[in-house]
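Q: Can you read through this structure? Questions will come right after.
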């Protein structure tokens, strides 16, 4: 159980590092706004976390073979929500 907890912590730390790295590159180097950089970094980190948790934590081989539609659908939904909430609809 302690080994599993160590893996869980490792995935969480790595996921956070990926999020901050993507955010930093997009915000500082590319020049995207803070919100856009954060959304893109979140989507990258969530997708990474999904595959690592499925493969390394749960030892599921079958789910990672055809699993691209699920994280892409989640990221698409989150992205559309972000765009709609930040678009002026004339209110």
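The values are calculated or read from the model by the stated rules, or taken from the named source; none is laboratory data. All values reported here derive from a predicted model rather than from experimental measurement. Here Cβ is always computed from backbone atoms with ideal geometry, including for glycine, and neighbour counts include all displayed protein chains.
Q: For segment 34-52, state whether one or more residues are modelled with pLDDT under 80, touching a helix residue (DSSP H, G or I) at 6+ places or on another chain (Cβ under 8 Å) and part of a helix (DSSP H, G or I). Show your work before the answer.
A: Applying the first criterion (modelled with pLDDT under 80) to segment 34-52 yields none.
There is no residue in segment 34-52 that is modelled with pLDDT under 80, touching a helix residue (DSSP H, G or I) at 6+ places or on another chain (Cβ under 8 Å) and part of a helix (DSSP H, G or I).
Q: Still on this structure: Consider segment 17-33. How many of its residues are more than 14 Å from the chain's Cα centre (by Cα) and either on the phi < 0 side of the Ramachandran plot or part of a helix (DSSP H, G or I) (or both)?
A: 9
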